[in-house]
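For reference, the structure is listed below as C-alpha cells.
The values are calculated or read from the model by the stated rules, or taken from the named source; none is laboratory data. None of these values were measured; they are calculated from a predicted model. When we count neighbours, we look across all protein chains shown, and the Cβ atoms used for this are built from the backbone with ideal geometry, even at glycine. With ligands, DNA and RNA removed, areas are computed over all heavy atoms of the protein, side chains included. Shrake-Rupley method; radii C 1.70, N 1.55, O 1.52, S 1.80 Å.
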Amino acid sequence: MDLYLLLVSSFLCGLLVLDNLQFAQVSLSRPSLVGLLIGWLVGSPIEGASLGLGIELCYSTFLPLGGNVPPNGAVAGTISALVFAFAGRYYPFAFFAGFFSGFLYAGLDVKLRQIRGEWSKIVENEVSDGKIRLNFWMAKSLMQENISAVGFVLFFSVFFFALAVFLRFAFFRDILRMAHFMVLWAALSAILHKFAGYVKNDRYKK
Amino acid sequence: MIDTKNRICLFFRSFFIQCGWNFEGLQNIGFCYVVSHWLERVWGDEDKLKKSFLRHLEVFNTQPHMSGFIIGNVCSVEEMLSAEEDAARKEKMEAGLKTIKKALASSFASIGDRLIWGRIYPLTTIVCLLMWLGSGFYFWLGAGSSNSKLFVAGGPVFSVFIFAAVSLYFRWKGIGYGYKCAGNVSCGLDLMNWNKTLSRLNFAGFVLCFLISLFSCWEVFEAAFASLPPSWAIFKMLLVVSSFALAPVILKRKRTFLSVTGAVFGFSFVAVLILRVVGVRVLW
C-alpha cells in the first residue's frame with residue numbers, strides 16, 4: 001500500500017465530495033467519474049470506473065429530495081477504487097466496501113447538517129447585530145465537509161484493507177462474488193421498473 | 001433585463017446555494033450568500049441591508065439547478081423594493097416577496113426533483129452504460145472484456161458533460177427569466193411544457209433500460225454457455241432472472257435498495273453454504 005497515493009486520493013475525494021451538495025452539483029461527485037479519477041491515480045482506471053458505475057446504478061434509487069440524505073457516491077467511488085488497488089484486487093470485495101461506505105458516510109453527513117443547523121442560528125444573530133460575514137460561514141461549511149470526507153476515506157480505507165484478510169477464505173469470496181453479480185442485475189431491474197412506472201403513470205394520466 | 005456582469009456574478013454564486021445546508025433553515029445560508037452581493041448593491045442604508053439579509057435567512061429550499069428562477073425574481077423585487085418610497089406599498093411588496101419565494105421554491109422543487117434527479121441523472125448513467133456496451137465493455141456484468149479504454153474512460157466524462165450542460169443551462173436561463181418576471185408568482189413555470197418533457201424522458205429511459213437489460217442478458221447467456229458446464233450456466237441465468245424479479249418486489253413494499261442488497265447477501269450466503277455442504281465447488 002502506497003501511503004502517499006492513499007493521502008492524495010483522500011484529498012481528491014475531499015474536493016470532489018463538495019460537488020455532492022455544497023458546490024455546483026454538476027455530478028463531478030458521481031461514483032463512475034470519481035472511481036475513474038481515483039482509479040487512474042492508483043493505477044486501475046478501468047476497474048475504478050466500472051466499480052463506480054456499479055455503485056452508481058445501485059444508488060440511483062436514492063434521490064436527494066427534501067431532507068433525505070442519500071448514500072454518498074464520491075466516498076463510495078473512492079473507497080472502492082482504493083480497496084481494489086491496495087487490498088487483494090478482488091472486484092466484488094472492493095465493490096461492497098465502496099457500496100456500504102456510501103451509506104456510512106450518509107450517517108456522518110446527517111451529523112454535519114445538524115451541526116450546521118446550530119451555525120444557522122449564529123449567522124442570524126450575527127446579522128441582527130450588524131456583523132455580516134457570510135463568506136466565513138461558507139468557507140467553514142466547505143472545510144467541515146472536506147475534512148470529514150478526507151478523514152472518513154482514510155479511516156474506512158484502512159478498515160477495509162484490514163477486513164481483506166478474510167479474502168483468503170474461498171467461502172467469503174464465493175458469497176461476495178455471487179452477491180455482487182446479483183446486486184448489479186437487481187440495480188438494473190430497479191431502474192427499469194422505475195422508468196416503467198413513470199411510463200405507466202403517463203399513460204394513466206392520458 | 002439584467003446586465004451581464006451581475007448575471008454572471010449571480011450565476012457563479014448560485015453554485016453555493018446548498019453550501020451550509022442544514023436541517024433548521026435548509027438552504028437559507030446558501031441562498032442569502034447568493035443574493036448578498038446584489039443586496040449590498042441595491043441597499044445603501046445599513047439597517048435596511050440588515051433587514052433584507054434577515055429576510056433571506058428564513059427557511060428556504062428548492063431544487064438547486066432551478067434556483068435561478070427564484071434568485072432572478074427575488075433580485076428584481078429587492079431592486080424595486082429599494083426604489084419604493086411609499087411605506088405601505090413597501091410593506092405589501094415585502095409580504096409579496098415572501099409569497100413569491102415560497103411558491104416558486106416549492107413549484108421548482110417539484111419540477112426540478114422529477115426532471116433532474118428522477119430522469120436526467122439516471123439517464124446519464126444509462127448513457128455511460130450504453131457507451132460501454134457499444135464499445136464491447138461489459139466487464140461490470142462479469143462477462144466479456146474491455147476493448148476500448150478510450151470509450152470506458154469517456155463514458156463517465158460524457159455523462160458528467162451532459163448533466164452539467166443541462167444543469168448549467170437551467171441555472172443561467174433561470175436567472176435572466178426570473179429577473180424579467182419581476183414579482184410574478186408563476187415565473188418560469190411556462191418556460192417549457194414540463195410534463196411533456198418528463199414524458200419523453202420517461203419513455204427514453206424505459207426504452208434504453210429495456211434494451212440494455214435485453215442485450216446484457218444475451219451477453220451473459222452467451223458467455224455462460226460458452227465457458228461453463230450447462231448446469232452452472234443455467235444456475236447463473238436463474239440468478240439473473242431472480243435478481244431481476246427480486247428488486248421490484250422489495251422496492252414495491254416501500255423498502256430501499258439496501259433491503260434488496262441484504263436479501264441478495266442472505267441468498268448468496270445460504271446458496272454457497274448449501275453448495276459447500278453437498279461438496280459442490282462453486283464455478284463462475
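Out of all the residues in region B:30-47, which are within 32 Å of the chain's Cα centre (by Cα) and more than 9 Å from chain A (Cβ to nearest Cβ)? Result: B:Phe31, B:Val34, B:Val35, B:His37, B:Trp38, B:Leu39.
Is it fair to say B:Val42 is in contact with an Asp or Glu (Cβ under 6 Å, 6 or more places away or on another chain) and of a type in the set (Val, Ile, Thr)?
Values: in contact with an Asp or Glu (Cβ under 6 Å, 6 or more places away or on another chain): yes; of a type in the set (Val, Ile, Thr): yes.
So B:Val42 passes the test.
Would you confirm whether or not region A:149-161 contains a residue that is part of a helix (DSSP H, G or I), among the polar types (S, T, N, Q) and away from chain B (no Cβ under 14 Å)? Walk me through how you get there before you give the answer.
Keep residues of region A:149-161 that are part of a helix (DSSP H, G or I), which gives A:149-161.
Going one step further and asking which of them are among the polar types (S, T, N, Q), we end up with A:157.
Going one step further and asking which of them are away from chain B (no Cβ under 14 Å), we end up with A:157.
Within region A:149-161, one or more residues are part of a helix (DSSP H, G or I), among the polar types (S, T, N, Q) and away from chain B (no Cβ under 14 Å).
Just give me the residues in region B:1-11 being open to solvent by 30 Å² or more (accessible area, probe 1.4 Å) and either within 12 Å of chain A (Cβ to nearest Cβ) or in a helix (DSSP H, G or I) (or both), in sequence order.
Filtering region B:1-11 down to residues open to solvent by 30 Å² or more (accessible area, probe 1.4 Å) leaves B:1, B:3-5, B:7-9.
Those that are open to solvent by 30 Å² or more (accessible area, probe 1.4 Å) and either within 12 Å of chain A (Cβ to nearest Cβ) or in a helix (DSSP H, G or I) (or both): B:Thr4, B:Lys5, B:Arg7, B:Ile8, B:Cys9.
Would you mind stating whether A:Ser128 is over 23 Å from the mean Cα position of the chain (by Cα) and facing chain B (nearest Cβ under 10 Å)? When the stated conditions are applied, A:Ser128 passes them.
Being more than 8 Å from every other protein chain (Cβ to nearest Cβ) and open to solvent by less than 10 Å² (accessible area, probe 1.4 Å) is the requirement here; does A:Val42 meet it? Working first, answer last.
Details: more than 8 Å from every other protein chain (Cβ to nearest Cβ): yes; open to solvent by less than 10 Å² (accessible area, probe 1.4 Å): no.
No.
Within region B:198-213, residues that are free of Cβ contacts under 8 Å to residues at least 24 places away in the same chain sit with their Cβ atoms under 8 Å from residues that are in a helix (DSSP H, G or I) and surrounded by fewer than 18 Cβ atoms within 10 Å (Cβ to Cβ), at 6+ positions apart or across chains, in these pairs: B:Ser199/A:Asp202; B:Phe203/A:Val199; B:Phe203/A:Asp202; B:Phe206/A:Ala196; B:Phe206/A:Val199.
Yes or no, residue by residue, for (1) more than 8 Å from chain B (Cβ to nearest Cβ); (2) touching a Leu at 6+ places or on another chain (Cβ under 6 Å); (3) in a helix (DSSP H, G or I); (4) in contact (Cβ under 8 Å) with a residue 12 or more places away in the chain:
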| position | (1), (2), (3), (4) |
| --- | --- |
| A:Asn68 | yes, no, no, no |
| A:Pro71 | yes, no, no, yes |
| A:Ala74 | yes, yes, yes, yes |
| A:Ile79 | yes, no, yes, yes |
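Condition first: in a helix (DSSP H, G or I), open to solvent by 60 Å² or more (accessible area, probe 1.4 Å) and at the interface with chain A (Cβ under 8 Å from one of its Cβ atoms). Now tell me which residues in region B:230-272 satisfy that. Result: B:Leu258, B:Phe267, B:Phe269. Listed by first and then second residue, the pairs linking a residue in region A:131-148 that is more than 7 Å from chain B (Cβ to nearest Cβ) and part of a helix (DSSP H, G or I) to a residue that is open to solvent by 40 Å² or more (accessible area, probe 1.4 Å) and of a type in the set (Asp, Glu), with Cβ atoms under 7 Å apart and 6 or more places separating them unless they lie on different chains, form an empty list. Within the span defined as region B:12-23, one or more residues are exposed (fewer than 15 other Cβ atoms within 10 Å of the Cβ) and more than 20 Å from A:Asn125 (Cα to Cα). Checking A:Glu47, A:Glu56 one by one, the residue that is open to solvent by 10 Å² or more (accessible area, probe 1.4 Å), part of a helix (DSSP H, G or I) and among the acidic types (Asp, Glu) is A:Glu47 and no other. Listed residues A:Leu63, A:Leu82, A:Leu33, A:Leu37; which is touching a helix residue (DSSP H, G or I) at 6+ places or on another chain (Cβ under 8 Å), open to solvent by 10 Å² or more (accessible area, probe 1.4 Å) and more than 20 Å from B:Phe137 (Cα to Cα)? Checking each option against the conditions leaves just A:Leu63.
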